[in-house]
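Report on one structure; see the data block that follows.
The values are calculated or read from the model by the stated rules, or taken from the named source; none is laboratory data. Just so you know, these numbers come straight off a predicted model, no measurement behind them. Don't worry about glycine lacking a Cβ; one is built from the backbone with ideal geometry, like all the others, and counts go over all protein chains shown.
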Amino acid sequence: MQRAHIIGTGSSIPERILSNKDLESIVNTSDEWIVRRTGIRERRISSNGRDESTTDLATRASVNAMKMAGISPSSLDMIVVGTVTPDRQFPSAACMIQKALNAENAAAFDLSAGCSGFLYALTMVNNAIRAGMCKTALVVGVERLSSIINWQDRGTCVLLADGAGAVVVDSTEEHHGILSTHLKSDGTFWELLYSLDGNSYVPEILQDVNKRPFHLKMDGNRLFKRAIGCMAEISREALEHNSLCSHDIDLVIPHQANIRIIKSLANNLRIPMERVYTNIHKYGNTSSATIPIALDEANRDGLLTKGAHVLLVSFGAGLTWGAAMLKWSISDGPGGRLEQAPPAPERQ
Ligand code: COA
């Protein structure tokens with residue numbers, strides 16, 4: 001039976017750093033509040049002058065992943081992008097990336113699942129490979145949330161940021177790679193996090209031409225409580241499905257929305273924080289990009305050894321949540337792909 005495994009990871013983040021101190025001059029907030037309540041110290045925000053659009057960031061992340069995988073763009077059969085901030089409503093970010101990469105043989109499409117976009121996209125590719133529909137695919141999580149942030153809303157603008165991560169997924173006959181994926185949604189709670197206007201849901205558009213579209217609205221407190229329960233529940237489902245227990249997990253890579261959510265999840269699963277990857281202090285919440293960026297950093301920093309069990313778990317707007325259980329297959333020994341890959345870039 002064909003399985004899917006990750007053979008390359010990559011990421012790309014904007015150069016411009018926006019610190020908590022910088023935010024103190026934009027909204028009524030403080031470095032102390034943001035660090036204590038979220039764990040975020042700084043985040044990256046795209047600049048137009050630096051070619052840091054959604055497509056630019058995603059393309060750079062993809063090139064890095066393909067370099068590690070040692071494949072050419074023409075060998076991609078499929079490109080699936082999880083994003084809520086494509087450069088245009090259409091064509092898809094995936095088609096823009098396809099053009100930038102010159103990946104002429106790929107079927108390319110976007111998928112909207114809030115912060116769970118990457119895990120939803122990974123699941124589609126995993127299933128396509130298992131079904132024999134494709135052999136080699138690119139999965140991207142990318143956001144330019146700065147373009148839809150309401151910079152007067154201190155409840156959200158201190159949390160969200162920009163970035164991209166990508167993985168190359170290939171078929172394999174070995175019993176490793178993506179062991180299972182698990183997805184859930186509950187649309188009854190869509191009002192906990194949504195874009196206020198935009199797309200076709202703007203009945204008064206001619207009267208509201210000055211209104212900036214796509215502002216976010218979030219009920220952070222209620223989301224917070226749901227996030228912990230949903231992520232813990234789906235992590236358990238992934239463990240049970242693979243007959244694994246918490247002790248068997250070498251690294252958890254959770255969605256980076258709030259350090260308190262991550263710590264509660266770890267506590268709930270009885271997994272010590274040393275085995276939970278966090279980079280929220282540097283990048284904030286980049287929605288569907290948090291997991292692939294963290295996966296790339298962990299991989300390049302040598303935290304993932306061949307055979308390691310890695311649990312990816314997400315939660316986001318929709319509501320959507322998901323998990324993936326991986327048995328890591330990139331060799332880190334002599335001749336392994338990581339031998340040739342540069343370490344994660346210094347991002348200070
Ligand atoms: N700086 C200072 N004070 C702030 C603030 C900021 N940036 N943002 C909110 N506050 C204030 C609120 O106005 C409120 O003040 P009040 O008590 O005078 O009304 C107080 O802090 C507490 O607000 P609350 O929303 O209850 O705080 P919280 O502890 O829940 O933390 C979040 C807020 C947003 C950090 C937290 O709820 C969260 O992370 N939620 C989940 C986010 C999430 O998962 N998002 C999307 C899914 S990926």
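Would it be correct to say that Ala108 is part of a helix (DSSP H, G or I), buried (at least 17 other Cβ atoms within 10 Å of the Cβ) and modelled with pLDDT of 95 or more? Taking the combined requirement at face value, the residue does not satisfy it. Screening Ile40 on (1) in a loop (DSSP other than H, G, I, E, B); (2) within 30 Å of Thr305 (Cβ to Cβ); (3) away from the ligand (no atom under 16 Å from the Cβ) shows it passes everything except condition (3).
Please state which one of Thr85, Thr55, Thr59, Thr9 is assigned to a loop (DSSP other than H, G, I, E, B) and surrounded by 16 or more Cβ atoms within 10 Å (Cβ to Cβ).
Within the list Thr85, Thr55, Thr59, Thr9, the selection yields Thr85.
Looking only at residues in the stretch 111-144 that are in a strand (DSSP E or B) and of a type outside the set (Gly, Ala, Ser), which one is surrounded by the fewest Cβ atoms within 10 Å (Cβ to Cβ)? Here the residue is Leu111. Hey, among Leu193, Leu223, which residue is within 20 Å of Ser147 (Cβ to Cβ), buried (at least 17 other Cβ atoms within 10 Å of the Cβ) and modelled with pLDDT under 95? From the options Leu193, Leu223, the qualifying one is Leu193.
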